[in-house]
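As structure tokens, the structure follows; a few thoughts come after it.
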Amino acid sequence: MKFGLAYEMQRPVVDEHALIEETIEQCVFADEMGWDYVWFVEHHFLTGFSMSPCPEVILGALSKLTKRIRLGFGVVVLPYHHPVRVAERVAMVDHLSNGRVDLGTGRSAAFEQIGMGIDPRETRAMWEESITMIPKIWESEKFEWEGRFWNVPPRTVLPKPYQDPHPPIWVAAHQPATYQLAAQKGIGVMA
């Protein structure tokens, strides 16, 4: 059995600096105690509920403060980000951590999607296009893409991940169709 922590970075009364410092201390302690995973969500506009808008930043810090615990993006909301940027950020943290990264992905909820200017009706298709692109970005010497949401002329995208061929990929799932899609794509499910 493996043990992990999942952080929303919640607090009834938010002292932002204390919350960040205490979260880092807890994660370092979990690493020292032999816990296996620490995952950070990506949420926006959820004051009092979550102060974790950029998991790559805290995971980057933890990559240098921990030794063995795996660091999970739990999840990157793919419709909010260009897939090239996701591939670059995750690969960079994978290098900083010497190959201890897992990439969890998802779509979020309408409240957050609308706040980001994203049409909630488009997020499944956006997620699917992005999740198809990211492994190809990591595995291709030169990457190019023409899609419905994203277009990339031939480019070299660096860094490539430290893990070979790339970090494990996951999807947050609430609907049966997502489980089927995960199976088709060969990625893990976070439920």
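For the range 116-165, what are the residues that are part of a helix (DSSP H, G or I), open to solvent by less than 50 Å² (accessible area, probe 1.4 Å) and either touching a helix residue (DSSP H, G or I) at 6+ places or on another chain (Cβ under 7 Å) or modelled with pLDDT under 95 (or both)?
We begin by selecting, within the range 116-165, every residue part of a helix (DSSP H, G or I); these are 120-139.
Right, trim to open to solvent by less than 50 Å² (accessible area, probe 1.4 Å) and you get 120, 123, 125-127, 129-135, 137-138.
Passing the criteria: 120, 123, 126, 127, 130, 131, 133, 134, 137, 138.
Being outside any helix (DSSP H, G or I) and small (Gly, Ala, Ser) is the filter; apply it to the range 40-65 and report the residue that is nearest to residue 99 (Cα to Cα). Per the stated criteria, the residue is 52. When restricted to residues that are touching a residue at least 60 places away in the same chain (Cβ under 8 Å), outside any helix (DSSP H, G or I) and touching a Ser or Thr at 6+ places or on another chain (Cβ under 8 Å), the range 66-97 contains 2. Checking each residue in the range 70-84 for being open to solvent by 10 Å² or more (accessible area, probe 1.4 Å) and within 15 Å of residue 134 (Cβ to Cβ) picks out 75, 80, 81, 82, 84. If you filter the range 29-56 down to residues that are of a type in the set (A, V, I, L, M) and open to solvent by 30 Å² or more (accessible area, probe 1.4 Å), you find that the one that is modelled with the highest pLDDT is 33. Cβ-Cβ distances below 7 Å connect the following pairs, each with a first residue in the range 31-49 that is farther than 19 Å from residue 105 by Cα, a second residue that is buried (at least 19 other Cβ atoms within 10 Å of the Cβ), and a separation of six or more residues or different chains: 31/66; 31/69; 35/69; 36/69; 36/70.
The values are calculated or read from the model by the stated rules, or taken from the named source; none is laboratory data. The structure presented is a predicted model; accordingly, all values stated were derived computationally and were not measured. In this analysis, Cβ positions are derived from the backbone assuming ideal geometry, glycine residues included, and neighbour counts consider all displayed protein chains. Remember, those area values only see protein heavy atoms, side chains included, never the ligands or the DNA or RNA. Shrake-Rupley method; radii C 1.70, N 1.55, O 1.52, S 1.80 Å.
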